[in-house]
Amino acid sequence: MSQDRLRHYRDRRDFRRSPEPTGSGGRKVSSRPIFVIQKHAASQLHYDFRLELDGALMSWAVPKGPSLDPRERRLAVRTEDHPMDYADFEGVIPQQEYGGGTVMVWDAGTWKNRSRDNDDRPVSASRALKAGKLQVELWGRKLRGGWALIRTDSQDSGQEKWLLIKQKDEHADARRKPTSSQPDSVLTERSLKDIAADDDSGDSGN
Ligand code: MN
């Protein structure tokens, strides 16, 4: 099943040219599902929000990144599922390749499904995803607490548009802006510049 889910991921990439994981390696088994947010300096800087579900990473591209202010609704465009080993990927995709640019692991941790249906009964993450209303709790290094992903009606060239919204709880904060106050990698503490420079100085190895 998860092999099939990665078809779009593989179709878009040339792994002889991109250092990104192929997803063919054995995936690590996590006792709690993981989430990762990758800061991606492609043609337009964005944040890729990824949640582990059934052996792959569901993904959304968030142009402005997450906001801790519950009044802010951040556009999140659904993108192709990514392989589990993408969660640790940090490096530089060559400019002429799909998604060319520097990738950083901006936040990482675990998540829990908190979705409820219209009658306020708990529902599975996959059902919530289909219904277009997913509620999650995040335990990351930078992001914590409740978040909602809500699908909107509008579509652009088949891409689903969702909204990423911080839920009101003790982790909500209208003033703190982690995208600017905590810009660096939680994996290596490197900045985007550092990652790009390290990629230039090392031999490419592939
Ligand atoms: Mn991206």
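Side notes on the structure shown:
- Put the Cα centre of segment 8-85 next to the Cα centre of segment 90-169 and the gap is 9 Å.
- Once the Kirkwood radius over Cα pairs is known for segment 3-200, the Stokes-Einstein relation at 20 °C and 1.002 mPa s delivers a diffusion coefficient of 124 µm²/s.
- FRET efficiency, K193 to L163 (Cβ-Cβ, R0 45 Å, nearest 0.05): 0.90
- Computed lengthening from K112 to R175, 0.36 nm per intervening residue step minus Cα-Cα distance: 20.1 nm
- Residue-span extension gain [R17 to S43] - 0.36 nm each, minus C-alpha spacing: 7.6 nm
- Within straight-line cross-link reach of K39, aspartates and glutamates at Cα separation under 14 Å, skipping those fewer than 8 residues along the same chain: D48, D88, E90, D107, D184, E189, D194
- Cα long-axis angle, helix 192-201 against the chain (0 to 90 degrees, to the nearest 10): 20 degrees
None of the figures in this text is laboratory data; all of them are computed from the coordinates on show. This structure is a prediction, so every number in the text was calculated from the model and none was measured. For neighbour counting, all protein chains shown are included, and Cβ atoms are generated from backbone atoms with ideal geometry for every residue, glycine included.
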